[in-house]
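The values are calculated or read from the model by the stated rules, or taken from the named source; none is laboratory data. Keep in mind that what you see is a predicted model, and the values were worked out from it rather than measured. Because the Cβ atoms are built from the backbone with ideal geometry, glycine has one as well, and the counts that use them run over all protein chains shown.
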Amino acid sequence: MQGFDLTYDGFDPASETLREALTSTGNGYFCTRGTAEWEDMGSVHYPGTYAHGGYNRETTIFDGYPVLNEDLVNLPNWLVLKLRIEGEAAVRFGSVELLDYQHTYDIRFALVRRDLRFRDHAGRVTTLTSRRFVSMAYSHQAGIEWTLVPENWSGRVEVVTALDGRMTNHMVARYRELEGRHLDPVSPRTFGPEIIALKVQTRQSNIYVAEAARTQVFLGERLQLNGPVGVERSLHQMEDYIQQVLAFDVEQGKPARVEKMVALFTSRDNAITEPLTAAGRHVLRYPRFDDALDEHQSAWTELWDSCDIQLPREPRAQLLLRLHIAHVLQVCSRHTARHDAGVPARGLNGEAYRGHVFWDELYVYPYLNLRLPEITRALLLYRYRRLAEARAAACEAGYRGAMFPWQSGSDGTEETQQVHLNPLSGQWDPDLSHNQRHVSAAIFYNVWRYYQATDDLEFLRDYGAELMLEITRFWASIAHFNLGRQRYEIHGVMGPDEFHEGYPGAEQAGLRNNAYTNAMAAWISATMPQVLDLLPASRSAMLRRYLHVTDEELRVWEDMSRRMYIPFHDGVISQFEGYADLDELDWDHYRATYPNIQRMDRILKAEGKDPNSFKVAKQADAVMLFFLFDHDELRAVFERLGYGYDRDLARRTIEYYDRRTSHGSTLSFVTFAGVLAGLDPASSWDRFLVALESDVSDVQGGTTKEGIHMGVMSGTLDLLQRSFMGSSIGDDGVLRLQPRLLDRLDGVALCMRFRGTSLRVSVKGGELIVFAQAEGFRWPLRVGVGPDIHELSPGGTCVFKLPAEASSPPPRDAGDRR
Ligand code: BGC
């Protein structure tokens with residue numbers, strides 16, 4: 001990696017699908033994998049295009065049992081461009097001798113570039129440069145440009161340009177036995193001589209998807225200025241595929257350029273009559289590739305102005321942070337905000353987890369909240385629109401309020417599969433992960449943090465408070481009061497650690513009193529009344545009337561905030577009640593036996609053992625509390641509950657679970673890096689680096705090719721701003737910063753938008769500098785380091801001298817603050 005480029009030298013079939021995922025290009029409306037245009041779907045290449053909300057359900061019959069799944073559909077492949085020289089077979093990686101090859105993802109402009117020099121079997125040497133983008137300026141637009149130079153030959157070439165609707169979803173080996181056909185053909189058509197178009201329909205959800213492509217050839221000396229040349233065109237169309245073959249002569253040493261401009265629309269789009277007409281009409285008007293690219297680059301430049309994080313002392317981390325920024329924005333951009341979109345855990349560039357939305361948005365919003373909060377707002381509305389379904393789910397399960405699904409897709413019903421393939425044993429094991437009710441707590445938390453960062457009371461009034469209220473209600477109804485203990489308890493749930501689905505040998509699924517879930521429920525119960533107080537009295541009264549919220553319910557919330565049960569053992573928070581009785585795992589044995597023990601659940605199950613029996617966690621669970629709340633906030637929760645919260649509880653609990661976590665989810669690296677930032681900055685930094693490398697180096701050995709990890713990518717950005725810069729927003733409305741690791745952070749600079757005002761925050765020579773832009777300045781802003789709080793005026797700068805000790809690790813027993 002150099003500068004702003006992620007570059008792969010040489011073609012490596014074994015890594016190609018991973019590279020395709022990492023070089024995906026998108027604009028928050030749709031994303032396309034970085035597959036070479038000339039390659040078909042197969043074991044080495046997987047062209048994939050995915051759009052927010054493009055889901056479809058299919059049923060597979062398994063041993064006579066119907067299994068229903070909803071997938072984010074792989075849409076028609078718009079990439080297809082193939083080169084035939086002198087009527088011979090199309091050039092592919094496998095059919096020519098590659099003399100030079102580079103595959104580059106230009107991070108700054110989300111541009112994929114391939115530079116090839118190859119010799120074919122007849123000894124002809126050709127260079128081909130391919131560039132392509134999915135426009136950040138116009139969400140429906142994409143473009144490919146080829147520049148072709150015959151080095152030692154002249155002759156006739158044919159370029160095949162196509163739109164291929166025969167795509168299926170079969171990227172993920174574990175899902176291959178399940179139905180992967182989601183598209184039905186509708187019709188191909190042309191719009192004049194240069195434009196081909198194709199319309200398909202998802203088989204069950206009836207979403208029409210249309211693409212149109214305008215392919216033109218440019219020859220001659222002044223390649224960039226000349227208009228397209230007339231070429232011989234032949235058309236072939238089937239119901240689910242359309243192609244044109246463009247034939248023309250090329251001369252030795254003279255470049256020829258081919259441009260394919262593409263439009264993609266679906267029947268879910270606004271301001272169209274139907275997608276095929278829209279695609280055809282739009283592509284007709286699209287400018288030339290270079291002009292379109294210019295507009296795309298301007299849109300990215302504007303984004304980088306508010307989203308970049310500069311970390312000059314750490315070049316590798318710098319580049320990976322920027323790679324993550326680009327990927328996060330490719331999935332969640334301002335374009336996303338115009339659609340009914342959630343945050344698919346694996347982005348829009350692969351099929352892992354079927355494009356479903358989990359709790360991972362918890363890791364995504366902190367970065368967006370302080371830069372592009374309008375995107376968070378829109379993504380939160382994805383949840384609001386599914387409130388009715390969440391209410392129905394709670395009701396069906398015998399609860400009140402809203403119970404959001406662990407995996408969400410089109411309409412917000414539970415999409416978690418019932419069985420899951422263990423690739424190690426080949427067995428289909430029951431999947432009980434839908435018991436992760438904590439997803440509803442994450443949604444509450446997300447609304448609250450969004451509000452704190454933006455002060456967007458309108459959102460709280462119109463949507464947020466209702467969501468929060470129904471979630472609070474759900475917790476109050478799933479909890480029951482244990483008379484013996486005089487505490488509220490929650491049974492039958494799972495925490496974020498997916499290795500523990502229940503008690504060993506127990507018939508009933510779920511755990512008793514998962515500490516993370518219970519503490520979240522206590523915090524929610526304490527926060528909800530504050531939310532009601534914030535609302536205009538009439539709205540608060542209206543919500544209570546409309547949702548029939550009784551005084552008794554308010555009393556129960558108050559009581560729960562003081563009497564939720566949290567289990568402890570050996571001076572640490574117990575992950576759940578009974579955790580202390582589980583067996584210790586022989587970590588040394590497993591480390592010596594298996595090259596990678598991250599997925600200990602699969603290893604144990606393949607050995608015929610039950611992961612539920614062991615003190616082994618996939619990821620942070622109880623520890624999440626220290627990640628989501630700072631010391632003062634968490635102390636307030638625990639003290640209100642009447643539990644002691646000594647300054648060392650965090651350290652003891654984190655160390656305890658750190659020794660017992662296999663990090664089977666890469667989210668775990670982010671969480672541990674976050675909670676260790678104040679305790680052991682060096683170790684925190686190391687884990688931050690692991691999280692940074694996790695997708696680019698595919699540390700899980702094969703998951704990234706199936707889609708990037710949105711939570712981890714954004715989590716690393718949040719680590720920088722929240723854990724290393726130490727930013728937090730208190731109830732007093734002050735933006736506090738407490739930079740640490742000053743030797744590594746020296747020179748760091750980032751922008752933040754705090755409650756409508758744009759700030760530039762930097763650290764240099766032991767000083768923290770905060771500059772408030774005059775443009776768009778909203779009300780007095782208070783920024784502080786520790787007790788030193790300043791008010792910023794428009795165009796004003798505050799300089800804080802950082803305490804010297806902040807650069808060295810704090811003493812071990814004083815570091816329970818992130
Ligand atoms: C993790 C979950 C996460 C999901 C989707 C799982 O491996 O355990 O916490 O939500 O992946 O990213």
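Structure values in brief
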{"item": "Elements of type strands (runs of 3 or more DSSP E) contained in segment 1-106, each with 3 or more residues being touching a strand residue (DSSP E or B) at 6+ places or on another chain (Cβ under 9 Å) and farther than 30 Å from residue 375 by Cβ", "result": "55-62, 65-72, 81-85, 97-106"}
{"item": "Tally, over segment 374-407, of residues that are more than 23 Å from the chain's Cα centre (by Cα) and in a loop (DSSP other than H, G, I, E, B)", "result": "6"}
{"item": "Matching entry among 580, 506, 541, 537 (being in contact with a strand residue (DSSP E or B) (Cβ under 9 Å, 6 or more places away or on another chain), more than 16 Å from residue 480 (Cα to Cα), among the aliphatic types (A, V, I, L, M) and surrounded by fewer than 16 Cβ atoms within 10 Å (Cβ to Cβ))", "result": "580"}
{"item": "Conditions (1) more than 16 Å from the ligand (Cβ to nearest atom); (2) in contact with a Pro (Cβ under 9 Å, 6 or more places away or on another chain); (3) modelled with pLDDT of 95 or more: number failed by residue 500", "result": "(1)"}
{"item": "Breaking point among (1) in a helix (DSSP H, G or I); (2) within 28 Å of residue 56 (Cβ to Cβ), for residue 470", "result": "(2)"}
{"item": "Options 388, 442; residue that is away from the ligand (no atom under 14 Å from the Cβ) and not assigned by TED's automatic domain parsing to the domain that holds residue 56", "result": "388"}
{"item": "Any chance residue 400 is more than 16 Å from the ligand (Cβ to nearest atom), without any contact (Cβ under 8 Å) to a residue 60 or more places away in the chain and farther than 25 Å from residue 23 by Cα", "result": "no"}
{"item": "Residue within segment 351-373 that is out of contact with any Lys or Arg (no Cβ under 8 Å at 6 or more places or on another chain), β-branched (Val, Ile, Thr), surrounded by fewer than 23 Cβ atoms within 10 Å (Cβ to Cβ) and in a strand (DSSP E or B) present", "result": "no"}
{"item": "Strands (runs of 3 or more DSSP E) contained entirely in segment 701-812, each with at least 1 residues that are over 15 Å from residue 321 (Cβ atoms) and touching a residue at least 40 places away in the same chain (Cβ under 8 Å)", "result": "749-754, 757-764, 781-785, 788-792, 797-801"}
{"item": "Strands (runs of 3 or more DSSP E) wholly inside segment 188-270 that include at least 1 residues being closer than 30 Å to residue 54 by Cα and touching a His at 6+ places or on another chain (Cβ under 7 Å)", "result": "195-202, 241-250, 256-266"}
{"item": "The listed residue being away from the ligand (no atom under 15 Å from the Cβ) and part of a helix (DSSP H, G or I), out of 597, 654", "result": "654"}
{"item": "Candidates 371, 281, 377 - the one that is out of contact with any helix residue (DSSP H, G or I) (no Cβ under 8 Å at 6 or more places or on another chain) and away from the ligand (no atom under 16 Å from the Cβ)", "result": "281"}
{"item": "Qualifying residue in segment 681-698 (condition: more than 16 Å from the ligand (Cβ to nearest atom), touching a His at 6+ places or on another chain (Cβ under 7 Å) and not assigned by TED's automatic domain parsing to the domain that holds residue 754)", "result": "no"}
{"item": "Qualifying residue in segment 386-395 (condition: without any contact (Cβ under 8 Å) to a residue 24 or more places away in the chain, touching a Ser or Thr at 6+ places or on another chain (Cβ under 8 Å) and surrounded by fewer than 24 Cβ atoms within 10 Å (Cβ to Cβ))", "result": "yes"}
{"item": "Residue selected from segment 417-434 under the condition outside any loop (DSSP other than H, G, I, E, B) and within 13 Å of the ligand (Cβ to nearest atom), by the criterion nearest to residue 352 (Cα to Cα)", "result": "420"}
